[in-house]
Amino acid sequence: MNPFAAIGRAVLSLLAEIGRLALFTGRSLKALASPPFYLRLTLQQFVRIGYLSVPVVGLTALSTGAVLALQIYLGGNRYGAEAIVPQIVVLGITRELGPVIAGLMVAGRVAAAIAAEIGTMRVTEQIDALTTLSTNPVKYLVVPRLVAAVISMPILTAAGDSIGVFGGYLVATQNLGFTGSVYLKNTVDFATSADINSGLIKAAVFGFIVALMGCYNGFNSRGGAQGVGAATTNAVVSSCILILATDFVLTALLFHTA
Amino acid sequence: MTAKIKLIGVKKRFGSKVVLDGVDLAIEPHTSLVIIGGSGTGKSVTIKSILGIITPDEGQVLIDGEDVTHLKGADRDPLMKKFGMLFQGGALFDSLPVWENVAFGLIQGRGMARGRARDIAIAKLAKVGLGEDVAFLSPSELSGGMQKRVGLARAIAADPEIIFFDEPTTGLDPIMADVINNLIASTVKDVGATALSITHDMASARKISDHIAMLYGGKIIWQGPTDQIDNSGNEFVDQFIHGRAEGPIKMAVKA
Ligand SMILES: Nc1ncnc2c1ncn2[C@@H]1O[C@H](COP(=O)(O)OP(=O)(O)OP(=O)(O)O)[C@@H](O)[C@H]1O
Ligand SMILES: [Mg+2]
């Protein structure tokens, strides 16, 4: 076994995969720009992707905000800086943790569901059947999911941000001896719209990633149940990795620090 | 007269496995051709190559004399409207009720109003022996034979010019199989469609076809009028239509 050949093969197959993903993205964006538009399907996807994700995103945001307040308090305590809890909580949640945690949760819920559904349609020839019925499968299946995810994610994140800040507020006022009105005033005075907007922009990008990876892996699934299972796993893993990677890039771009 | 469907030297391989090795076939308008051949010889692949679901590696597919082998995307839309297809596995949309499956091409492909499309769907379901009660069930609630018939109703719903039936009678009881045979024969005779079917059921093949072609080793090894099938003079064809284990066609099984 020649190690150079093995490395070469791995690199080539990775490049081929990136190429295929780029082509798929291009096809999806092209389909997005031209009719027909499937309004009914898009609304259905709003419910599945957005509305039904509210409980998980809300719960994880609540606990993240709470634990963040506790940790900052304990850490800040070492320098006598524990009063900074509300400012750091709102900054951390809106800029970073709100969108990332919502993105990862939605990746687990939605990318998996999309990949499993479209993957099953692929292996049972339902996608081929769509083309024989004069329907473009990318327009019919991918575009509604992309649109719904890109619009839902910022809304979910905005809700998650508020719930996260509320989680911090609960812990701070109940356990750490903060006064409620002071905590809220510090929060509101400190947070800028740039903090919040940067998080919402990230959320929209993460929504795009989740829907795209779900659709891409579903479309390319092969074989039977096993192939669909592999597609589902790949969809979740790849969207999580891409979310974390683009998060860094977006942070650098949005705050011009890199 | 130009052939409705014409295949010239169509080749397709998957990896190192050659499935189609130069298929030549012509189907005249308003006629019905049946492809016979052993399991795994590439009958379904042949139909999918005509539909453009699979792109041949070599050769040409002509529809109404026009080369459509590499037609893609929006350029293909007008062509797809000519086709109706019954998939071997049904390929019903499990997220939609039965009637919407049947009406799908009318609603999405042709922009027909849902109410009107539903009436047509119910009428087409009646033609394949399914009542209105079935129309509102989900495909997963149907038996295999019922799913096949829904697939058939979906294939003919938009009155296509060219219809492909991949094993239309497999999984049906003998009486229902005959009903479906009559339906296929009448869509060709009365509606004037051109049909290309695949079947293993020789009784059905004789009933629904004007011509029969046999696929073997990636090529069409015999083609002729249906009434000539018993005098084909081809030992492969003879072995196949009489279902004999002994003959020139060797099945890859270990004793
Ligand atoms: N998408 C595909 N990828 C890889 N191989 C394929 C694909 N589709 C078909 N094949 C292979 O091509 C060969 C022919 O398949 P095809 O489905 O056309 O057979 P068939 O003649 O319709 O058989 P049957 O009568 O059993 O339906 C098979 O060996 C199959 O494994
Ligand atoms: Mg087949």
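When B:Asp133, B:Asp159, B:Asp166 are screened for being farther than 20 Å from B:Thr187 by Cα and either away from ligand 1 (no atom under 16 Å from the Cβ) or touching a Ser or Thr at 6+ places or on another chain (Cβ under 9 Å) (or both), only B:Asp133 passes. Among the residues of region B:74-86, the ones that are in contact with a Phe, Trp or Tyr (Cβ under 9 Å, 6 or more places away or on another chain) and at the interface with another protein chain (Cβ under 8 Å from one of its Cβ atoms) come to 3 in all. Contact map, region B:160-172: residues that are under 15 Å from B:Ser209 (Cβ atoms) and within 14 Å of another protein chain (Cβ to nearest Cβ) paired with residues that are in a loop (DSSP other than H, G, I, E, B) and within 16 Å of ligand 2 (Cβ to nearest atom), Cβ distance under 6 Å, separation 6+ or inter-chain. Pairs shown: B:Asp166/B:Gln88; B:Glu167/B:Gln88; B:Glu167/B:Thr199. Looking at B:Lys81, is it within 13 Å of ligand 1 (Cβ to nearest atom) and open to solvent by 10 Å² or more (accessible area, probe 1.4 Å)? No, not satisfied. Counted as qualifying within region A:1-99 are the helices (runs of 4 or more DSSP H) with 3 or more residues that are surrounded by 14 or more Cβ atoms within 10 Å (Cβ to Cβ) and not hydrophobic (A, V, I, L, M, F, W, C), namely A:3-32, A:39-45, A:54-77. Restricted to region B:1-17, and to residues there that are open to solvent by 80 Å² or more (accessible area, probe 1.4 Å), within 13 Å of ligand 1 (Cβ to nearest atom) and assigned to a strand (DSSP E or B), the residue that is nearest to the other protein chains (Cβ to nearest Cβ) is B:Phe14. Taken together, B:Ala74, B:Ala91 contain a single residue that is within 16 Å of ligand 2 (Cβ to nearest atom) and out of contact with any His (no Cβ under 9 Å at 6 or more places or on another chain), which is B:Ala91.
Residues that are under 21 Å from B:Trp222 (Cβ atoms), within 14 Å of ligand 1 (Cβ to nearest atom) and more than 14 Å from every other protein chain (Cβ to nearest Cβ) within region B:26-73 comprise B:Val34, B:Ile35, B:Ile36, B:Gly37, B:Gly38, B:Ser39, B:Gly40, B:Thr41, B:Gly42, B:Lys43, B:Thr46, listed in sequence order. Specify the residue that is farthest from the chain's Cα centre (by Cα); the eligible residues are those in region B:61-95 that are of a type outside the set (Gly, Ala, Ser) and farther than 26 Å from A:Lys30 by Cβ. In this case the residue turns out to be B:Asp94. If only residues of region A:109-135 that are open to solvent by 10 Å² or more (accessible area, probe 1.4 Å) and of a type in the set (A, V, I, L, M, F, W, C) are counted, the one that is nearest to the other protein chains (Cβ to nearest Cβ) is A:Leu133. Counting only residues that are of a type outside the set (A, V, I, L, M), within 12 Å of A:Gly214 (Cα to Cα) and more than 12 Å from the chain's Cα centre (by Cα), region A:230-252 holds 3 of them. Selection within region B:18-38: residues that are within 15 Å of the chain's Cα centre (by Cα) and within 11 Å of ligand 2 (Cβ to nearest atom). The member of this set that is surrounded by the fewest Cβ atoms within 10 Å (Cβ to Cβ) is B:Gly37. Out of B:Ala185, B:Ala177, B:Ala205, one residue alone is assigned to a helix (DSSP H, G or I), more than 20 Å from B:Gly89 (Cα to Cα) and not aromatic (Phe, Trp, Tyr). It is B:Ala185.
Across region A:178-206, which residue is nearest to A:Phe255 (Cα to Cα) among those that are open to solvent by 70 Å² or more (accessible area, probe 1.4 Å) and of a type outside the set (Val, Ile, Thr)? Reasoning before the result, please.
So the first thing to find is which residues in region A:178-206 are open to solvent by 70 Å² or more (accessible area, probe 1.4 Å), and the list is A:179, A:181-182, A:184-185, A:188-190, A:193, A:197, A:201.
From what is left, the residues that are of a type outside the set (Val, Ile, Thr) are A:181, A:184-185, A:189-190, A:193, A:197.
Details: A:Ser181: 30, A:Leu184: 25, A:Lys185: 25, A:Asp189: 20, A:Phe190: 17, A:Ser193: 13, A:Asn197: 12 Å.
Ranking the qualifying residues of region A:178-206, first place goes to A:Asn197.
If you go through region B:136-156 and keep only what is within 16 Å of ligand 1 (Cβ to nearest atom) and more than 13 Å from chain A (Cβ to nearest Cβ), you end up with B:Gly144, B:Lys148.
The values are calculated or read from the model by the stated rules, or taken from the named source; none is laboratory data. Source: prediction; values computed, not measured. Don't worry about glycine lacking a Cβ; one is built from the backbone with ideal geometry, like all the others, and counts go over all protein chains shown. Calculation scope for accessible area: heavy atoms of the full protein, side chains included, ligands and nucleic acids excluded. Shrake-Rupley method; radii C 1.70, N 1.55, O 1.52, S 1.80 Å.
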